[in-house]
Amino acid sequence: MLFQHTEVDLIRSARAGDRGAFAELLRPEYRTAYRLAYGLLQDADEAEDAVQEAAFSAWRRIGNLRQGSPLRPWFLGIVANQCRSVKRSRWWSVAKTDPPEEAAPTFDLAASIDLRRALRRLGHDERLILVLRYYLDLRFEDIAATLNISPKAARTRVERAIHRLRPIMQVQGAAV
């Protein structure tokens, strides 16, 4: 008979060095982490690498996860920081890839391209908050836990990022 381990049990086992428990903890979060990384980096290979590096980093720092805290916001924070490091170290972008097949847009392709260009013009923090809210559909409470801020601050940052994004989109629309 199979039995489900609770997240608390798995975290306890992972802290004790159980790699299987850690892998079981990350398995349900991997897809969300990849979507976050892809949303920030806009490159499938770099997103995959960033999530893998974040997983290694999380394994090394599992002891830093606060007692009773959920894994998801902590891990997504590590993924976001890894993406920031990748963006800082990337000095040249030779080729851009199309999104993975399962994430292929079913809407206006031109609008999607314009939005991606506009998002690239935002800073990492503004892009991160918009990806968390609108790409991953996280609630303000979950964004707050991921970024270690209050839900009110999360809402305010989303509103500010949208306010900065609108003029960029309008300028791009006028240039076409």
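The values are calculated or read from the model by the stated rules, or taken from the named source; none is laboratory data. These numbers were taken from a predicted model, which means no experiment stands behind them. Virtual Cβ from ideal backbone geometry, glycine too; neighbours counted across all protein chains shown. Accessible surface areas use protein heavy atoms only, side chains included; no ligands, DNA or RNA. Shrake-Rupley method; radii C 1.70, N 1.55, O 1.52, S 1.80 Å.
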Query raised in the report: Any idea which of 125, 137 is part of a loop (DSSP other than H, G, I, E, B) and either small (Gly, Ala, Ser) or open to solvent by 50 Å² or more (accessible area, probe 1.4 Å) (or both)?
Result: 137
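Please go through segment 1-43 and pick out each residue that is small (Gly, Ala, Ser) and under 13 Å from the mean Cα position of the chain (by Cα).
Of segment 1-43, the ones small (Gly, Ala, Ser) are 13-14, 16-17, 20-21, 23, 33, 37, 39.
Matches in segment 1-43: 33, 37, 39.
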Query raised in the report: Which pairs have Cβ atoms under 8 Å, sit 6 or more apart or on different chains, and link a residue in segment 147-165 that is among the polar types (S, T, N, Q) to one that is surrounded by 15 or more Cβ atoms within 10 Å (Cβ to Cβ)?
Result: 148/77; 150/144
Query raised in the report: Out of segment 127-176, which residues are under 14 Å from the mean Cα position of the chain (by Cα) and among the hydroxyl-bearing types (Ser, Thr, Tyr)?
Result: 134, 135, 146
Report summary line: Checked segment 32-68 for anything in contact (Cβ under 8 Å) with a residue 60 or more places away in the chain and surrounded by 15 or more Cβ atoms within 10 Å (Cβ to Cβ); matches are 32, 35, 36, 38, 39, 40, 42
Query - Filter result (touching a Ser or Thr at 6+ places or on another chain (Cβ under 9 Å) and basic (Lys, Arg)) within segment 46-93 - result: 72
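With respect to residue 6, determine if the residue is hydroxyl-bearing (Ser, Thr, Tyr) and modelled with pLDDT of 90 or more.
Numbers: hydroxyl-bearing (Ser, Thr, Tyr): yes; modelled with pLDDT of 90 or more: no.
No, not satisfied.
What residue, among those in segment 145-163 that are out of contact with any helix residue (DSSP H, G or I) (no Cβ under 6 Å at 6 or more places or on another chain) and open to solvent by 50 Å² or more (accessible area, probe 1.4 Å), is nearest to residue 81 (Cα to Cα)?
Among those residues, the one meeting the criterion is 148.
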Query - Unmet criterion (only one of (1) assigned to a helix (DSSP H, G or I); (2) over 22 Å from residue 136 (Cβ atoms); (3) open to solvent by 70 Å² or more (accessible area, probe 1.4 Å)) for residue 5 - result: (1)
Query - Selection from segment 69-85 of residues that are buried (at least 17 other Cβ atoms within 10 Å of the Cβ) and either closer than 18 Å to residue 24 by Cα or over 13 Å from the mean Cα position of the chain (by Cα) (or both) - result: 71, 72, 73, 74, 75, 76, 78, 79
